[in-house]
Amino acid sequence: MLGTVLLLLALAKTACPSPASVASRRAEALKKLLEVFGMEDPPAPPTHFKQPPQYMVDLFNTVANADGVTKNPDILEGNTVRSFLDKTHSEDMRFLFVLSSVAKSEKILTAELHLFRLWPRVTDGPKRHHFCQVSVYQVLEKDKPDAPGGKKLLAARLVSLQTSGWEVFAITPAVRDWTEDESSNQGLLVTVQGPGGSPLDSPLLQFASGRGHHESKKPMLVLFTDDGRRGASLLTAAFPGGSHTLGMIPLLGRSRSARSLERLRPCQRHPLSVDFEEIGWSGWIISPRGYNAFHCKGSCPFPLGENMRPTNHATVQSIINALKLSEGVSSPCCVPDKLYSINLLYFDDDENVVLKQYDDMVAASCGCH
């Protein structure tokens with residue numbers, strides 16, 4: 001699909017294109033590019049400057065290089081990671097996350113509640129406990145969570161009182177319930193007790209809430225999902241120039257002799273820069289600022305050498321074409337024979353931060369096929 005977008009831009013090669021024609025082709029190309037990224041419209045940029053959660057930034061840097069190209073396709077579970085901040089901003093350990101941006105077709109693989117553990121309060125007497133038991137419940141009855149049947153236990157474990165930092169609790173069953181039936185989302189309840197569930201005279205352990213704590217420490221829900229979009233083909237367009245930038249592709253055609261000369265050059269990979277700022281998407285895309293998609297261009301002359309990475313079929317086709325053994329058989333084409341995925345870190349329409357991986361977006365190498 002990305003190749004279709006690039007081809008639309010490359011086809012605008014009239015000597016004096018009208019502004020309306022250029023604008024129309026650009027709009028059509030950007031619409032196609034949005035389809036590649038699984039969107040109908042670009043998300044609206046945040047209304048004010050917003051720092052993405054450090055966890056999501058660190059995750060992006062773990063799975064991708066600075067250009068967004070995937071380091072290892074097996075690092076990420078699924079192809080989408082969504083983060084949601086708590087909407088209650090309360091102090092009573094009740095949390096609510098609005099999941100309206102999760103598509104019905106998305107498969108929930110793992111859901112995690114991330115809570116930042118504060119340093120324990122200083123007490124006058126000696127500490128009787130080195131650990132507290134933290135329990136996370138799915139609220140079933142909004143107004144009566146402590147009534148029989150008012151909540152369901154999701155996770156429980158002992159948490160040290162000696163340090164501060166992030167605690168992560170698996171809450172996948174609750175999130176699956178919420179995405180299947182939005183009205184069942186009554187939020188989460190977190191309780192802190194002594195070892196074995198014994199009551200505490202005072203809360204020795206506290207977690208940062210959405211109120212009165214830094215943005216980087218706010219309670220967060222992280223979803224690992226798969227949207228089912230795998231292996232969309234990347235069709236490459238043969239551009240009339242050497243290297244281009246999507247958004248600034250020249251619309252003037254080149255001379256016939258220049259194009260003929262380029263066709264005589266052997267099949268190889270050429271740069272093709274996609275600049276998100278140039279096409280007006282920098283307001284909602286956090287990382288990367290752009291990437292090099294590359295494209296394949298050149299001839300596949302007989303005889304095909306190993307450096308052209310030909311398939312057996314391409315070798316046979318080249319022989320048939322060279323010896324004119326069959327009418328209408330063209331020479332093999334210079335196309336990508338290996339593709340990489342890229343990752344985007346961006347704000348969605350609800351200003352949640354999303355990390356999404358897109359397959360087959362970068363031509364890693366070219367060959368005659």
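The values are calculated or read from the model by the stated rules, or taken from the named source; none is laboratory data. In this text, all values refer to a predicted model and were calculated from it rather than measured experimentally. As a convention, Cβ positions derive from the backbone with ideal geometry for all residues, glycine included, and neighbour counts pool all protein chains shown. Note: areas computed on protein heavy atoms with side chains; ligands, DNA, RNA excluded. Shrake-Rupley method; radii C 1.70, N 1.55, O 1.52, S 1.80 Å.
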Filter pass, residue 340 being hydroxyl-bearing (Ser, Thr, Tyr), closer than 18 Å to residue 224 by Cβ and part of a strand (DSSP E or B): no
Contact list please: Cβ distance under 6 Å, first residue in region 62-78 and farther than 15 Å from residue 361 by Cβ and among the hydrophobic types (A, V, I, L, M, F, W, C), second residue in a helix (DSSP H, G or I) and open to solvent by less than 10 Å² (accessible area, probe 1.4 Å), pairs at least six apart or on different chains. 75/63
Filter region 102-115 down to the residues that are in contact with an Asp or Glu (Cβ under 8 Å, 6 or more places away or on another chain) and among the hydrophobic types (A, V, I, L, M, F, W, C), then identify the one that is surrounded by the most Cβ atoms within 10 Å (Cβ to Cβ). 115
Residue list for region 164-187, filter: farther than 18 Å from residue 55 by Cβ and outside any helix (DSSP H, G or I): 181, 185, 186, 187
Taking residue 191 as the residue in question, decide whether it is farther than 30 Å from residue 104 by Cβ and part of a loop (DSSP other than H, G, I, E, B). no
Could you list, ordered by first residue, the pairs with Cβ atoms under 8 Å in which the first is in region 38-59 and at pLDDT below 95 and the second is surrounded by 12 or more Cβ atoms within 10 Å (Cβ to Cβ) and part of a helix (DSSP H, G or I), at least 6 apart or interchain? 40/34; 41/34; 42/34; 51/215; 51/216; 53/216; 54/216
Test each condition in (1) surrounded by fewer than 17 Cβ atoms within 10 Å (Cβ to Cβ); (2) in contact with a Lys or Arg (Cβ under 9 Å, 6 or more places away or on another chain); (3) at pLDDT 85 or above for residue 253 and report the one that comes out false. (3)
What number of residues within region 327-366 are within 10 Å of the chain's Cα centre (by Cα) and open to solvent by 20 Å² or more (accessible area, probe 1.4 Å)? 0
Going through region 55-84 in order, the residues found to be in a loop (DSSP other than H, G, I, E, B) and open to solvent by 70 Å² or more (accessible area, probe 1.4 Å) are 66, 67, 71, 73, 74, 75, 77
When you go through (1) at pLDDT below 85; (2) under 33 Å from the mean Cα position of the chain (by Cα) one by one for residue 188, which number turns out not to apply? (1)
Scan of region 164-178 for residues that are farther than 17 Å from residue 137 by Cα and either under 28 Å from the mean Cα position of the chain (by Cα) or open to solvent by 60 Å² or more (accessible area, probe 1.4 Å) (or both), ordered by number: 165, 166
Among (1) loosely packed, with under 14 Cβ neighbours inside 10 Å; (2) of a type in the set (A, V, I, L, M, F, W, C); (3) touching a helix residue (DSSP H, G or I) at 6+ places or on another chain (Cβ under 7 Å) - the single one residue 131 does not satisfy: (1)
